């Protein structure tokens, strides 16, 4: 109370009464305010001490996560197959760099690093370690074991940075469709390239590929290529009704993780970029066009008794029958003469229009960037009509053929290739190229090829497979004529033929005749067995039960009366 | 007689002090929660990275190429072919099929195969022969 006494004493002379009490009250209030500031100051000092001394080590957490989030790039999205199997993913890996400024013992460190990273030589490492700069990459995307070993060296100049790295767990399963990325995580081929935008935003992509079917197709194509000493092969499995690509193979192939070391030959996408003249498999399309325009009986005959001459050009049959052939006979014996005559009957304009409707004359409209444009003669004369009827003169990609076959066998509805699976069920196409009747006749013809014709090696009992063989000579190396030694043997087929679900196409590039095939390298010996093996394995993976159809109920049965089986 | 401090002032000050204390408490609590949040976020990120790594490893270890090779090497199992496919359980011919209990396995027909009774062991039997390389 001494304070209030002083106040009273100091002012007692001047003031008294009400005024004095007012004055002392004002002083009292000032005192309260003063005390408030003193206490506040003490609190601030205490808090400052708390922040600096007690809490100083902790970063300002309310700010850091938000600001970090802007700097850390989003990990590139995954690529999955239709069943959710991982095809491509991004992992955080450590990358090692050196700051030569801090390196204490360059020579010893270089020696130890060379032991950890076999790909780097002692000399090149030493050069990096004693340089003048402040930043040199030593190794990018190293394994945790390597990182541990580097930490054990204890060299302060060696530092790590976390980087994202693309990883393809399935190896060389589907490198041409998936594509690959460069070291800076940018897609430079395949799906990785065409979907760079969504993938870099961290969105996952689901493909229509089924990795199990992809494996089966790849295994059988490699097996066939090895067996016949071929330079390569390609193949595709399609959903016949929707055009979904269930498997797509181009061989030789590579591992996308090591795309940098792959040869151009391996990186080349023979499935959607390479164009080839496939020969007789084109008879599926020319015969369908003929049946679409001429509603004639299957007993209609074509004169294949002697080679067909057009100017200086002569069309011969490989499996020459030298007689009049009915439509089923033309197809099952793969008569070039018969098919050429069918093409002639259809006429240049209408045949061209049919090919155009089937998509055989235009580049594919598809999700990968590597798309080959079909090679079509600039001047399409009558001779071109004859030759394209049996598959020479127009070069298309393997996928073109498979899509065309799907359209022919599924009731005549155009299918578009699909590689990326959307959320919704794929809607059936409503654009019709051929009538259901033409489609059914074609299916019975294709079944006949397998039961009695050139494709007997493709039959899988219980699965009603049908198809067409195609053995084409590749263009000569001097770009003149054809090379009889270099073939492309292919088989385009579908199953089950009464209502096809799957289209399978297999092409083997430059097979050589083997003892077991009696020296033949034709499609019936090379591609048909590969097709058979693919379908046979597919059945168990997809769980399709075999269905025994009595011979007289086979879709091809009605055609047999038009076939003279004197040659077996 | 006027008071040294009016009731009003005291009330206002009391409210101010209470509010100040509450504010301090809230800001401290927020900072703590921020800290917890940051920890959780970095944990989640670590977990996600671990998951991505494990997924990649799972996909690699289960890749059809690898499984096929291992199955052939250690069990001598070949890839099934269409000729082994049966449309109907009845077609399967096995030595001495004796139905044990039709309702035992979710309505599926359980059959015993003579002497080779499946054991209740969790461990798969080891192959009797060494893999042929």
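Values quoted throughout were computed directly from the atomic coordinates according to the rules given, and no laboratory measurement underlies them. Because the structure is a prediction, the values reported are computed rather than measured. Because the Cβ atoms are built from the backbone with ideal geometry, glycine has one as well, and the counts that use them run over all protein chains shown.
Annotations for the structure displayed:
- Å³ per residue enclosed by the Cα convex hull of segment B:1-54: 37
- Principal axis analysis of the Cα atoms in segment A:67-211 yields extents of 54, 37, 23 Å, listed in decreasing size.
- Here is the size of segment A:268-347 from its Cα atoms: Rg then Dmax, 13.9, 45 Å.
- D (Stokes-Einstein, µm²/s), Kirkwood Cα radius, segment A:469-568, 1.567 mPa s at 4 °C: 81
- Based on DSSP H segments of at least four residues, each scored -39500 (n - 2.57), the protein assembly as shown has a per-residue ellipticity at 222 nm of -12500 deg cm²/dmol.
- Over all pairs of different C-alpha atoms in segment A:201-246, the reciprocal of the mean inverse distance, the Kirkwood hydrodynamic radius, equals 12.3 Å.
- Compactness of segment A:144-292, taken as the C-alpha radius of gyration over 2.2 N^0.38 Å, stands at 1.38.
- For segment A:448-519, the alpha carbon convex hull comes to 104 Å³ per residue, rounded to a whole number.
- Debye log10 I(q)/I(0) at q = 0.21, 0.28 Å⁻¹ for segment B:20-78, Cα point scatterers: -0.82, -0.99
- Using the alpha-carbon positions of segment A:182-221, Rg (one decimal) and Dmax (whole number) come out as 13.1, 37 Å.
- Angle between chain A longest axis and helix A:348-357 axis [Cα atoms, degrees, rounded to 10]: 30
- A:254, A:160, A:37, A:505 arranged by Cβ crowding within 10 Å, fewest neighbours leading: A:37, A:160, A:254, A:505
- Overall dimensions of segment A:69-154 as given by Cα atoms, namely Rg and Dmax in Å: 16.8, 53
- Neighbour counts of C-beta atoms inside 10 Å place A:427, A:258, A:220 in the sequence A:427, A:258, A:220, starting with the fewest.
- For segment A:242-396, the spread of Cα positions along each principal axis, largest first, Å: 57, 31, 28
- Working note: Cα gyration tensor of segment A:224-324, eigenvalues times five, square-rooted, sorted largest first, giving semi-axes of 38, 20, 12 Å.
- Percent of Cα pairs exceeding the 19 Å cut-off, where the set is segment A:301-382: 51
- Between the Cα long axis of helix A:283-293 and the first principal axis of chain A there is an angle of about 70°, rounded to the nearest 10.
- In the calculated pair-distance distribution of segment A:127-181, the portion above 17 angstrom amounts to 56 percent of the Cα-Cα pairs.
- Over all pairs of different C-alpha atoms in the protein assembly as shown, the reciprocal of the mean inverse distance, the Kirkwood hydrodynamic radius, equals 31.6 Å.
- With kT/(6 pi eta Rh) evaluated at 37 °C and eta = 0.692 mPa s, and Rh the Kirkwood radius from Cα pairs, segment A:396-456 diffuses with a coefficient of 253 µm²/s according to Stokes-Einstein.
- Each of A:120, A:547 was scored by other Cβ atoms within 10 Å of its Cβ. Listed from fewest to most, they are A:547, A:120.
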